[in-house]
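Engineer: Take this structure first; my questions come after.
Just so it is clear, none of the values below were taken in a lab; they were calculated from the coordinates. Predicted model only: the values in this text are computed from it and were never measured. Cβ: placed from backbone, ideal geometry, glycine included. Neighbour counts: every protein chain shown.
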Amino acid sequence: MSKYESVAYFLINKTINIIITSSIVIMFLLGGYCFYMQERQLDQAGAGYLGYTLDELGAVGWIDIDHTNINHPIMQGKNNGEYLNKNPLGQFSLSGSIFLDASASSDFSDPYSVIYGHHMDKGKMFGALDAYKDFQYLKKHAKGHLKTRKKTLTVHIITCIEADGTDQNIFDGSSHQDTQAILHVIDANKKNGVMPFDRTKKIIALATCNDVTSTKRIIVFASID
């Protein structure tokens, strides 16, 4: 190998090493940035909007369950996909927003309303609903408030079930005007624990996915008055 070939070989190897090292550093930095952004979004997915009013966010309500991580503005889109990856400030966000079913009355005047939210890690967003599968936990965290644009309603948690996301008794938009189907669903869950409740009151469902690979949903039912 000539002197020039040796120099060229050395420079090529050095360049390759620099490229590989730089790539590793960039991947490390990107990984750290993604982790930082995920943690930031999780923090914001908690009580990150407490300084805003409903009007400032364009929210239709705010739900707060005592002594839990559930303390969120409730958005409502033109369809149920609008707020899946959009936060209450209108920005892209993996955690999205807590949102009311698009076909429901925005003032929560329907006999039955469904509120959706992502199942996030660390009990953020509606990942906090996991704990309600334990009826002893449910009994100790059964009260909260739902603030609408006109008034503040008291939330009384009734029961928690797991059901398929295609269950029309729970997720059919046309069921907003009647609670009979929901009352049957609640009654069928007595073996897992049902709190006493006024069957004449309006009912809301807090719904989230069970995991990303399943159509199963975790649903917490509550009455509001």
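Engineer: Expressed as a rounded percentage, what relative contact order does the stretch 61-224 have, with Cα pairs under 8 Å and six or more residues apart?
Structural biologist: 24
Engineer: Considering only the other residues whose Cβ falls under 12 Å of the Cβ of Leu129, what net charge follows from Lys and Arg at +1 and Asp and Glu at -1?
Structural biologist: 0
Engineer: What does the charge count near Lys216 come to, summing +1 for each Lys or Arg and -1 for each Asp or Glu among other residues with Cβ under 15 Å from its Cβ?
Structural biologist: Once all neighbours under 15 Å are counted, the net charge is -3.
Engineer: Most exposed first by the Cβ proxy, i.e. fewest other Cβ within 10 Å, how do Lys143, Lys78, Lys201 rank?
Structural biologist: Lys78, Lys143, Lys201
Engineer: Take the alpha carbon atoms of the stretch 195-219, find their center, do the same for the stretch 50-84, and report the distance between the two centers in whole angstrom.
Structural biologist: What the calculation gives is 17 Å, centre to centre.
Engineer: Arranged by the count of other C-beta atoms within 10 angstrom, fewest first, what order do Phe135, Phe171 take?
Structural biologist: With the fewest neighbours first, Phe135, Phe171 line up as Phe135, Phe171.
Engineer: Search the structure for amide H atoms under 5 Å from the amide H of Ile158, placed 1.01 Å from N in the peptide plane, and list their residues when 5 or more places away or on another chain.
Structural biologist: Phe221, Ala222, Ser223
Engineer: Now for a different question. Using Cβ contacts closer than 10 Å as the measure, can you line up Ser113, Ser214, Ser223, Ser105 from fewest to most?
Structural biologist: Sorted ascending by nearby Cβ count, the order is Ser214, Ser105, Ser223, Ser113.
Engineer: Quick one: dipole size for the stretch 61-224, taken about the Cα centre, charges +1 on Lys/Arg Cβ and -1 on Asp/Glu Cβ, in debye to the nearest 20.
Structural biologist: Here the size comes out at about 500 debye.
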